Amino acid sequence: MDSCEERISNDSVDSSSTDVDITFLPLIYEIIRSLERDPHDPAQKNAQSQDISQKVLEIQKKLDEARDQIRELPGIEYNKRDQKLQLKHLRNQLQLKRQLILKFRNMYPFDFRS
């Protein structure tokens, strides 16, 4: 087993790309809607500004969380070359296992009647 295979086998497979929370559009939509409103009262402008600042902080926090989740994905540290090499190894293993299955299927059946 080479080092690439060892690293992959040691990685936890607890998370996948579907587990990454990347729902940013609702937050962006809320920010845009807040910006489109144009209150004439200075007190409302101040409150709106604080509201927008809070939403921007929320989206920054969500982006940071998404970055952290992406860094935790198994296999993310491998470059394209390593991934292709690993895929080649896995395909070779699959081919060998298929050949073994065919070999055992074609063997003489055992008589288990006793």
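The values are calculated or read from the model by the stated rules, or taken from the named source; none is laboratory data. Just so it is clear, the structure is predicted and the values come from calculations on it, not from any experiment. Virtual Cβ from ideal backbone geometry, glycine too; neighbours counted across all protein chains shown.
Is one or more of the residues making up segment 104-111 over 30 Å from the mean Cα position of the chain (by Cα) and part of a helix (DSSP H, G or I)?
Yes: one or more hits.
Any residue in segment 30-52 that's of a type in the set (D, E, K, R): show its pairings with residues that are at pLDDT 80 or above at Cβ separation under 8 Å, as long as the two are six or more apart or on different chains.
30/55; 37/48; 51/34
Every residue, every condition in (1) surrounded by 13 or more Cβ atoms within 10 Å (Cβ to Cβ); (2) assigned to a helix (DSSP H, G or I); (3) at pLDDT 85 or above, yes or no:
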residue	(1), (2), (3)
18	no, yes, no
27	yes, yes, yes
30	yes, yes, yes
47	no, yes, no
64	no, yes, yes
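Do you know which of the residues in segment 32-43 that are modelled with pLDDT of 80 or more and among the charged types (D, E, K, R) is farthest from residue 65 (Cα to Cα)?
So the residue we want is 36.
Please specify each residue of segment 66-93 satisfying the condition of being exposed (fewer than 12 other Cβ atoms within 10 Å of the Cβ), assigned to a helix (DSSP H, G or I) and of a type in the set (A, V, I, L, M).
87
Cβ contacts < 9 Å: first residue closer than 20 Å to residue 20 by Cα, restricted to segment 76-89; second residue basic (Lys, Arg), any location; separation 6+ or different chain. Result?
Listed by first residue and then by second, the contacts come to 77/7; 77/71; 78/7.
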